[in-house]
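The values are calculated or read from the model by the stated rules, or taken from the named source; none is laboratory data. What you see is a predicted model; the values in this text were computed from it and never measured. So basically every Cβ, Gly included, is an ideal-geometry build from the backbone, and we count neighbours across all protein chains shown.
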Amino acid sequence: MWSYNKKNDLKSMDAIKKFYQMQQQKYLWEKKTRKAVWRGSSTGNKKLPWRDLPRSKLINASMLHPDILDVGYYAYYQRQKEAEVIKAEFGRKKMIPIEDFQTYIAVIDIDGNAWSSRFPNLLCQNSVVLKVDSSYETYFEQSLTPWVHYVPVKSDLSDLVEVVNHALAEENVLIMQEIVTNANEWCTSHLSNINMAHQMLWTLVGYSELLNASSFNWQEQWGRIKNDLGYNASILLND
């Protein structure tokens, strides 16, 4: 998220608000493609057969419902021995820059090897986010509410088509736009550089309190470890 703010020069609250206004003007809702979009690579649990990967299931659904889903792999990583087989099955879609996801009404977010790092970025855009339930929880998700900041999809994708149709329905336009507005307001209040710095500070304070509770001399112990490793703080200061 730091890089996202830097790329878009979001240094102040005024800059953030102007950025959201620009997105609304550039990606008008009535001109968006009436589909849900996703692009990514073939990452996922290496213990699962490639057909059972959540992302592969997502692409299968897209092949069955191309009228509402524009989904595909743009790269094949990790499973080199199977890459050609997977590619023959699913093909290769053209990569779409993340900001151009906003040309679609809905954007799907789904895990790969671990949590989806693009999730907070998507919440800051001008399309409704369809978030596939994850077994991971990031530090900021406790402040997010399904159907307020994003639209949830079951982890097994059993309700995917139903949810996508709901998000794309003409009668739900105002509801989806309100969810986007809520998500953008959440971004404004939680993902500015100063707020992320505060959150990081309180996380470090929390770790310190846990260490103090378990061992009153942890700083002394850590000092001995640093000395044993030949750690020199001045090296970092001079970099």
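Here are a few things to note about the model shown:
- Taken together, the criteria exclude residue 92 from residues that are of a type in the set (Lys, Arg) and either surrounded by 13 or more Cβ atoms within 10 Å (Cβ to Cβ) or in contact (Cβ under 8 Å) with a residue 24 or more places away in the chain (or both).
- Leading residue by the ranking (nearest to residue 133 (Cα to Cα)) among those in the stretch 54-90 that are assigned to a loop (DSSP other than H, G, I, E, B) and in contact with a Phe, Trp or Tyr (Cβ under 8 Å, 6 or more places away or on another chain): 79
- Restricting the stretch 97-145 to residues that are farther than 15 Å from residue 55 by Cα and in a strand (DSSP E or B), the residue that is nearest to the chain's Cα centre (by Cα): 129
- For residue 21: the one exception among (1) in a helix (DSSP H, G or I); (2) under 18 Å from the mean Cα position of the chain (by Cα); (3) not aliphatic (A, V, I, L, M): (2)
- Filtered residues of the stretch 145-195 (kept if aromatic (Phe, Trp, Tyr) and over 17 Å from residue 38 (Cβ atoms)): 147, 186
- Qualifying residue in the stretch 132-144 (condition: closer than 15 Å to residue 106 by Cβ, out of contact with any Leu (no Cβ under 8 Å at 6 or more places or on another chain) and in the same structural domain as residue 59 (by TED's automatic domain parsing)): no
- Within the stretch 155-239, helices (runs of 4 or more DSSP H) holding 2 or more residues that are modelled with pLDDT under 70 and farther than 30 Å from residue 60 by Cβ: 193-214, 218-229, 233-238
- In the stretch 62-82, the residues that are small (Gly, Ala, Ser) and surrounded by 16 or more Cβ atoms within 10 Å (Cβ to Cβ): 62, 72
- Filter pass, residue 39 being closer than 29 Å to residue 143 by Cβ and in contact with an Asp or Glu (Cβ under 7 Å, 6 or more places away or on another chain): no
- Within the stretch 109-143, tally of residues that are touching a His at 6+ places or on another chain (Cβ under 7 Å) and of a type in the set (Phe, Trp, Tyr): 1
- Pairing each residue of the stretch 45-58 that is assigned by TED's automatic domain parsing to the domain that holds residue 108 with any residue that is assigned to a loop (DSSP other than H, G, I, E, B) and of a type in the set (Val, Ile, Thr), provided the two are 6+ apart or on different chains, yields C-beta distances under 7 Å for 54/110; 55/110; 58/110.
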